[in-house]
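The values are calculated or read from the model by the stated rules, or taken from the named source; none is laboratory data. For clarity, every value in this text was computed on a predicted model and none was experimentally measured. Glycine gets a Cβ as well: all are built from the backbone with ideal geometry, and neighbour counts include every protein chain shown.
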Amino acid sequence: SMWWEVNGYDCPEFRGGRVAEQALTDTLYGDPPLIFPVGGQRGGGSGADITVTSFEHTLEDPLCRRAAERAVAVARFHGRVGSEEMVSHRFLTEDGGVQESVFAGGARVIANFRPVPYQPGSGRTVGPGECLIE
């Protein structure tokens, strides 16, 4: 997985909180999602002088709610491909903003990290911050 405890989809305090980007990355790689609504992070010091920064979120928090909604979709896809080999990964746009992964079982993901829609053909559109799963 790309993320650890304090980098959760719902935790902007420690380099997380980028729900769309993190969910797209996990879907593209077949990784499980990470939301971590309560926790702490060592802030510095050693021994008895260690400082810990705590954080807590609930589903009442709009960021946490968005994170949980995206995490469900990512978890479903992970359940489908999590034990499969990724057999192909490529950039579909020169800027790297649209990427595609293909898994051994045939699942294909197109992830759009760009702020504009992407049209892969056949009349389909992948919106900004969204992915297409086939």
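Side notes on the structure shown:
- Search result, residues across segment 108-129 that are free of Cβ contacts under 8 Å to residues at least 40 places away in the same chain, buried (at least 16 other Cβ atoms within 10 Å of the Cβ) and closer than 17 Å to ASP26 by Cβ: ILE110, VAL126
- Strands (runs of 3 or more DSSP E) fully within segment 1-113 counting 3 or more residues that are at pLDDT 95 or above: 86-91, 98-103, 108-112
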